[in-house]
Every structure is written in structure tokens, then in C-alpha cells.
1. Kindly check whether there is at least one residue in segment 17-29 that is buried (at least 22 other Cβ atoms within 10 Å of the Cβ), free of Cβ contacts under 8 Å to residues at least 40 places away in the same chain and out of contact with any Lys or Arg (no Cβ under 6 Å at 6 or more places or on another chain).
2. Taking the stated definitions as given, is Tyr357 touching a Phe, Trp or Tyr at 6+ places or on another chain (Cβ under 9 Å), open to solvent by 20 Å² or more (accessible area, probe 1.4 Å) and aromatic (Phe, Trp, Tyr)?
3. Out of (1) assigned to a helix (DSSP H, G or I); (2) over 29 Å from Glu219 (Cβ atoms); (3) touching a residue at least 60 places away in the same chain (Cβ under 8 Å); (4) not polar (S, T, N, Q), what's the single condition that is false for Ile98?
4. Looking at segment 219-261 only, could you name the residues that are among the charged types (D, E, K, R) and under 24 Å from Gly180 (Cβ atoms)?
5. Under 22 Å from Gly384 (Cβ atoms), more than 22 Å from the chain's Cα centre (by Cα), open to solvent by less than 20 Å² (accessible area, probe 1.4 Å) and not hydroxyl-bearing (Ser, Thr, Tyr): which single residue out of Ala53, Ala8 fits that description?
6. Please go through segment 9-28 and pick out each residue that is over 17 Å from Pro368 (Cα atoms) and outside any loop (DSSP other than H, G, I, E, B).
7. Just wondering, is there one or more residues in segment 413-429 that are in contact with a helix residue (DSSP H, G or I) (Cβ under 7 Å, 6 or more places away or on another chain), open to solvent by 40 Å² or more (accessible area, probe 1.4 Å) and over 17 Å from Ala96 (Cα atoms)?
8. Looking only at segment 39-82, which residues are in contact (Cβ under 8 Å) with a residue 24 or more places away in the chain, under 19 Å from Tyr103 (Cα atoms) and part of a helix (DSSP H, G or I)?
Amino acid sequence: MAYTIGNAMVYTGDEFIREGYVSFEDRVISTGRMDELKSKIDRDAHGMLVMPAWINAHTHVYSTLARGMSLQFNPMSFTQILEQLWWKLDRKLGQAEIESSAYVAAAEFIHAGVSTIFDHHSSQNFVKGALPILKRSIVDVAGMRGIFCHETSDRDGTQIESIEENVDFFKSNHNEKSAGMMGLHASFTLGDRTLREVSKACDGQIPIHIHVAEGIEDELYSINDHGMRIIPRLESYGLTIPNSIYAHCIHIDESEANLISKNKGYVANTTQSNMNNGVGVADLEMIRSNGAKMVMGNDGFGFSPVFDLRSTVLGQKNLYKSPTAFSTSDLKSIIENTFELASNHLKVKFGKIKSGYAADLVMIEYDPPTPIDEKNFWDHLFFGITESRVNSLYVAGKPLMIDNEIKVFDEVEVRKASRKVAETLWKNL
């Protein structure tokens, strides 16, 4: 049965309607001006903004449990950041930790207006069954959409288990709410034997999700030990499969960006995380000029996409030392690519409030102080909407949050349980 939100500012992805409505079930049925609506409304938006919900193309849900954690930490390189922090953490993750981090992450994402995530998971001592736990918590209970994979790496000897977990999940999840990919850590933790096994398992059909040249040592390892850069190495194993995600790409060159483009892959930009790790800022103009499509991720650094939107623009302006180096129009193209990537994986159209598109809608408490229309919407987004609170989130037409209250689970209990799990985890590190 159709549900209608009325008296809203509606940004459809193409046009801005100052006083509009949206009617939907699991898909958008129609949208338009209030004076065109012939039926009653089910919810009065009281002038709030309704727009397509956000999508995160590269995140790490398990990083939820690291917030506030204190470890001996004095890294001198990016690899040492992994060794001293993240690899210590992921080795200790079991069923309770995975489930708890998933519920808390879902709560955070819902509050941020995110409907869909591409999660890159790692729990090297709990591989089999890890992805179904994430899917059950984030998709089945929380109502979000998720594309999941498990990190395959040679560092702990569980690479075959990880490959099998990815293949099993991919084969059993082909629907509009969940899907799978082949998760790979990075070239410098993957030997030739493992890449041969991955190539055989993917058979040109399972897109990969991999970190690429996040630290310079990743690129140097590939050149020094294998005689080629990272993307050509992946291509040599038949792993540059369409709709693959190459996260970071800070130190790739033009030839690699061109290969990603040729093979219809996507570069996931994560400026905020890159800055935090001190590894540099990806040259998005170089990547774009060589034809590769860029999407928006956050590498598990927080949950609100608005910080990543801002840091992406600001990072490029500082990289090029020019206030005109990257515009809000450039930002819009990255978000549109992110919608496209999710559409390719889940086989449903995202990114517009238009008949037939997924009814994944976010309602934001934004009252513009200046005129707003489709021509300057992204300027409003960058300078103002990003500072406004998300009021409600609908995914596939289902209300996950209304008036800032999550409806799909008890958030208070989820956070209470997570604190206990995290406390025990920290003591074991």
C-alpha cells in the first residue's frame, strides 16, 4: 500500500521541488508538487528536505569497536599502523564482537542517513560464518542494504577459508538487499599462489574489493617483488573484474587509473581516513582524467558521509593549492557514481526520487536561509545541509528511523551490550 510524505522540499536528483510530495512502496511511485497531489498524505514533513539516502562504498564495520581504545602505538609507516592496531584487533574478533559491531554500526549509519554499505570485513580467527552474521544484523534486522566480503590475506594462514567464505556468501546472496564480493586485503599481503586461488574462485564473475596503494609500500612491494605495479598485477590474474572496488589508490599512476577504467572498476575515495593515517591524498583529477569512476567511502572512519563529502573537496583544493581545484559539481559526480555502483550490485536503481527507483529516502532538518533550487543544491549541501540533522530514514519504503528514533531495534540495549563486548575485547588485546 502506497505511503505518501507531503509538504516537503524534495530533491529528486534531477530537480528541486520547493513544496512537494513523494509516494512510495518499496519503490518510488510518484513525486511532484503538492498542488498536483490528488490523495491524502500519510506524513507531513513540515518543510523538511527529502532526498535519496546515502551509500557508503567502502567501510569497515568492525572498526566500531576501536573507538576510544588505547594500545601501545608508535607507527613509523602505514604497515606499522596495521601491525600495531588493526591486525591486533581483527585477530580477536569472534561471533559476539562481529554481531555487536554490526548492530552499533547500523545504528550509526541509520542516524547518518545511510541506506547501503559495502563492508570490507576482517576477522582472521573467525572466518567461516562471519559474513552471514553481518548480513543478519545489518540487513535482516536493521533493514539496511549491504554488500559484504571477507578480507583474504596471507598474513594469518586463513586465505583459503576467506576465499571460500566469500564465494559461499556471493552464491547465496543475489537480491535487492544483499550481495557479496571477493574481499582482498592488499597486494603486499597476497602472494602469487593465493592470487591464483582467488582467480580460480572468481572465474571472472565475482568482483573484488581490495585496498590499493593506500601506503607507498604497497606499490613498491608489487614493483620490487613482482616486476609490475598493483593494477597490472591484478589484471595478470584476471582479477580486474567489472564492478570491482579499488579503495584508496593514493599512489597509483595514470596507467593504473586507465586500467581500472578499461575494466569498468571503481576507485573508492576515503580522504578523511587517508589524512588520519598520514598516507597522502589521492589525486582525483588524475584518476578522473584517465577515465576511472570514483565513488565515496570512508574506510571505517566514522559513519556520517557528510564529513567525507567535505574532506574530499577540501583535500583536493589543498592538494592542488587552488580554491577552484574541485567543485561541488565534481562532488555530485562521485555521489552519482556511488549510486550507480550499488545499482550494479543489487540490481535496483538508486540515487533518484523517481518512479521505479528504490524508495531509499532520507529526511533532513534543513531550513535554507537563502534561495535553493536544483542549480545550487550541491552548494547548499556542501555548506549547509551537511550540518543539519537527519530526522528520518526509509529503506525499501520501510521506516528505519522516524523523528530521530530508530524503529527496527532497541538502540539503548544495542549500545549497552556493545560497551560490554568492547571492554572484554580490549582486555584481551
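1. yes
2. Numbers: touching a Phe, Trp or Tyr at 6+ places or on another chain (Cβ under 9 Å): yes; open to solvent by 20 Å² or more (accessible area, probe 1.4 Å): yes; aromatic (Phe, Trp, Tyr): yes.
Taking the combined requirement at face value, the residue satisfies it.
3. (3)
4. Our first condition is that a residue be among the charged types (D, E, K, R); within segment 219-261, this holds for 219, 225, 229, 233, 235, 253-254, 256.
Passing the criteria: Arg233, Glu235.
5. Values: Ala53 fails: more than 22 Å from the chain's Cα centre (by Cα).
One residue alone meets the criteria, Ala8.
6. If the condition is that a residue be over 17 Å from Pro368 (Cα atoms) and outside any loop (DSSP other than H, G, I, E, B), then Tyr21, Val22, Ser23, Phe24, Arg27, Val28 are the ones that fit.
7. No, because not a single residue in segment 413-429 is in contact with a helix residue (DSSP H, G or I) (Cβ under 7 Å, 6 or more places away or on another chain), open to solvent by 40 Å² or more (accessible area, probe 1.4 Å) and over 17 Å from Ala96 (Cα atoms).
8. Listed by number, the residues that qualify are Val61, Tyr62, Ser63, Thr64, Leu65.
The values are calculated or read from the model by the stated rules, or taken from the named source; none is laboratory data. No experiment lies behind these values; they were computed from the predicted model shown. Counting neighbours? That spans all protein chains shown, and the Cβs are built from the backbone with ideal geometry, glycine included. SASA here: full protein model, heavy atoms, side chains in, ligands and nucleic acids out. Shrake-Rupley method; radii C 1.70, N 1.55, O 1.52, S 1.80 Å.
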